[in-house]
1. Would you say Gln450 is surrounded by 14 or more Cβ atoms within 10 Å (Cβ to Cβ) and at pLDDT 80 or above?
2. Of everything in the range 400-420, what is crowded, with 16+ Cβ neighbours inside 10 Å and within 11 Å of Met481 (Cβ to Cβ)? Give them in sequence order.
3. Tell me, yes or no, whether the range 351-361 has at least one residue that is part of a strand (DSSP E or B) and within 27 Å of Tyr465 (Cα to Cα).
4. Just wondering, is there one or more residues in the range 265-275 that are of a type outside the set (Val, Ile, Thr), farther than 18 Å from Leu381 by Cα and buried (at least 19 other Cβ atoms within 10 Å of the Cβ)?
5. Is there any pair with a first residue in the range 30-57 that is touching a residue at least 60 places away in the same chain (Cβ under 8 Å) and a second that is of a type outside the set (Gly, Ala, Ser) and not in a helix (DSSP H, G or I) whose Cβ atoms are under 6 Å apart and which are 6 or more apart or on different chains, and what are they?
6. Would it be correct to say that Glu469 is in contact (Cβ under 8 Å) with a residue 24 or more places away in the chain and assigned by TED's automatic domain parsing to the domain that holds Gln405?
7. Taking Glu469, is it surrounded by 12 or more Cβ atoms within 10 Å (Cβ to Cβ), part of a helix (DSSP H, G or I) and charged (D, E, K, R)?
8. Across the range 70-129, which residue is surrounded by the fewest Cβ atoms within 10 Å (Cβ to Cβ) among those that are among the polar types (S, T, N, Q), part of a loop (DSSP other than H, G, I, E, B) and modelled with pLDDT of 80 or more?
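The values are calculated or read from the model by the stated rules, or taken from the named source; none is laboratory data. As the structure is a computational prediction, the values presented were derived from the model and not from experiment. All Cβ positions, even for glycine, are placed from backbone atoms using ideal geometry, and neighbour counts span all protein chains on display.
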Amino acid sequence: MSASFPSVAAPSILLSWVSILVFGFPVAMVLLGEAIRRLQRRHNPILAAVQILRNWVMPSLTLEILLVQVMGLSRSTTVVRLAETLLWISLIYGALTLLNSILFEGARQGSWQAKVPQLFRDLGRFLLVLLGSSIVLSTVWGADLGGFLTALGVGSLVLGLALQDSLGNIFSGVALLFEQPVRLGDWVEIDGTRGLVVELNWRAVHLLNGDQNLVVVPNSELSKTSFTNLSRPSRTHIQSLSFHFSLEDPPNLVKQMLQDSAAIIPGFLPVPAPTATLTSYNESSITYSLEVCCQEVDQANGLADEILARVWYVSRRHGFTMPYPTRVLVSALPSPEVHVPDRERQCLQALHSSLFAKLPPALLRKLANSYPARSYGAAELVLQQGAPIRELSLILQGEAELLWQSPGGSSPLTVGILGPGECFGESVVQLRTASSQTTVRARTDLLLLQIDADNLASLADLHPYLTRELHAVGELRRQTMASQQRELV
């Protein structure tokens, strides 16, 4: 009986392979290491592929040479087949990484590589891995691919029947990603649900709604229903708001008031300009629609809240009425006394703590009842710097902020805070055409008693001390503002 030994290569060939292993492998590893360091400094996208070549392909190839060429083991032995399988896996992995780095990593915005959906890349990688696995099974392990494909076909049929819904979502996802009606970062509205698209995968679209909740919509459902992409063709969004005003309010004046109120709110785009239209007549009101444009959909809710609040204050100052449904209740019991806020008392308190305090009580009461109290919402501009001053404004409630904008300044500076009993616009008593040196902005909700220039001048003629008081207030305010301007600038 004769024993079988692994075949050994000729001495010269064996010496060549040993030399390659002893000298070639270390040199190749050093060269690849240096290449990796240079690629890291340059942030080259093929870095990952070179790292796979050094860490996986080269050791696998060295093991294959050692087992087959040096030790003379047959390719049919299990250890050699495992080494070849590892080498093939490393080569396939490296090739896929290199292909992805060349085609897709660092692709320019707008190029065809950047437009290829991630799902298609995953499908391409899966097919290439399946092809490589077939080659390994056929060449290394000698597997019969015919029987394997038959079994795969039968198994695919069974899985297809069992996973109809999941496969439907996958193919719907492929169709959606190919057509790309929805992309990451788009705002969409699906069956009344509005949200930001944060993920697109094989099965579903993930939306982040306004409540910061994640809404998952299966691809099959998305492909069956109609939806609105609020970010196409432009990310600018037109918000439509509805208002109701009295039948007695002139429609043209109401529309102008709505447009002017929206035009001064930061965040709304000037083009297209806010547009107000009369939409319908109702039993006790007229319905108006206001369309405003903002840069992004996610700004719409915050800006809508601001314009709704702003219109309430502006409409009150213009004397417009927002009617609401009324209901008459008939009761046999006497109605309890309802406490109504005493506006006159509030005005008198502010007048007694102001420069008007020396006027006779009867005249103070007349002032409290003769001029309307006007409301301004927090952060609303009351008077713009450089605008003409037409009345003296006495603060009844809330606080106002004085802002000064330097000619070359980028943002206004706060130079004063006014509270109840204080006033602004004092220069109108001396200069009928005076312009405001500062911007006055409501720091909180503000209630003002405003006396026009003519009546204020008549009042100052009867009581000359008012002119001196107003002049002193104005001079003190100018000095204080000049001092603060020097410190701030």
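1. Criteria met by Gln450.
2. Passing the criteria: Leu402, Leu403, Trp404, Leu413, Val415, Gly416.
3. So far as the range 351-361 goes, no, none of its residues is part of a strand (DSSP E or B) and within 27 Å of Tyr465 (Cα to Cα).
4. There is at least one residue in the range 265-275 that is of a type outside the set (Val, Ile, Thr), farther than 18 Å from Leu381 by Cα and buried (at least 19 other Cβ atoms within 10 Å of the Cβ).
5. So the pair list comes out as Pro45/Glu105.
6. Yes, satisfied.
7. In short, yes.
8. Ser76
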